[in-house]
Amino acid sequence: MKTVYVTVRGYCQEFDRFSVNSNGISDVIGCIGGAGEGEVVPSKKEYRVNIHGITLYYLVETLKSNGSYRIKFLENFRDPQINRIRFNLVEFSEEHEILDYSWNSKTRELVRERCELDNALSWLSTLGGAFSALGDYFVDRAKTAGKISLHQLQLALKVGDPLIAARCRLYFSLSLIQQGKYKVAKDIVMYEYDNAKHGTDVRLVRMCKGIWSKLSYERSLAIAKKTH
């Protein structure tokens, strides 16, 4: 099994010493210059690479966590006579920023937009719930609740959250039930229930069953009124 010995030096002193093989990274005790019985002997020659601390940090963390990367790292030592590398720490050039301000600006805008969307969804949910409660008694309130659910659905699709989008469609079906549009409401609930059965959100399944019970009850009342 191939082993590469690494030392990290900078500012006239040694900071770290470790070995790398396909199984991972191990600390090296003592000076690199000999090996115990059965161990790979470090070579006298070594590669020397100038590197700044941030790049070295990410290199070491990747070597620790990624087996494929370790193998590629070891394969770069094509000379079988050399299995040592020394990283010399250098100061970061002032010409380059350590932080990626451009990407930071993009992510900041995305986070801000997501917070505003979440806030809007919360307000619409509260408002829609109020109109939905009145929708059992006033058809115009049920229509308003349906419009609010559609606005929520647009925001959920923009956020990219399929679970919230599914709930919004179910809220809309509840509005349709209150308006007496049972056929369309039935199709929506059945569609969402078929999808929810194969998912992990148990609450969504229960929500489908609850709206289905209301649909069955309201439809039975409508049929009873017609027969009398």
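Before moving on, here are some points about what is shown:
- Hey, Tyr182 touching a Lys or Arg at 6+ places or on another chain (Cβ under 6 Å) and surrounded by fewer than 19 Cβ atoms within 10 Å (Cβ to Cβ) or not: yes
- Yes/no for Tyr193 being surrounded by 10 or more Cβ atoms within 10 Å (Cβ to Cβ), in the same structural domain as Arg167 (by TED's automatic domain parsing) and without any contact (Cβ under 8 Å) to a residue 12 or more places away in the chain: no
Conditions tested, residue by residue: (1) out of contact with any Ser or Thr (no Cβ under 8 Å at 6 or more places or on another chain); (2) at pLDDT below 90; (3) in the same structural domain as Ile82 (by TED's automatic domain parsing); (4) assigned to a strand (DSSP E or B).
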site: Asp16; (1), (2), (3), (4): no, yes, yes, yes
site: Ile25; (1), (2), (3), (4): no, yes, yes, yes
site: Glu37; (1), (2), (3), (4): yes, yes, yes, no
site: Thr55; (1), (2), (3), (4): yes, yes, yes, no
site: Lys64; (1), (2), (3), (4): yes, no, yes, no
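- Residue match in the stretch 78-91 (condition: surrounded by 13 or more Cβ atoms within 10 Å (Cβ to Cβ), among the polar types (S, T, N, Q), assigned to a strand (DSSP E or B) and touching a residue at least 40 places away in the same chain (Cβ under 8 Å)): yes
- Test: Gly135 is in the same structural domain as Leu110 (by TED's automatic domain parsing) and within 30 Å of Val111 (Cβ to Cβ): no
- Of all residues making up the stretch 103-155, the number that are free of Cβ contacts under 8 Å to residues at least 24 places away in the same chain and not in a helix (DSSP H, G or I): 2
- The set of residues in the stretch 55-94 being farther than 12 Å from Asn21 by Cα and polar (S, T, N, Q) consists of Thr55, Thr62, Ser65, Asn76, Gln81, Asn88, Ser93.
The values are calculated or read from the model by the stated rules, or taken from the named source; none is laboratory data. Computed from a prediction, not measured in an experiment: that's the story for all the values here. Heads up, the Cβs are rebuilt from the backbone with ideal geometry, glycines too, and the neighbour counts pull from every protein chain shown.
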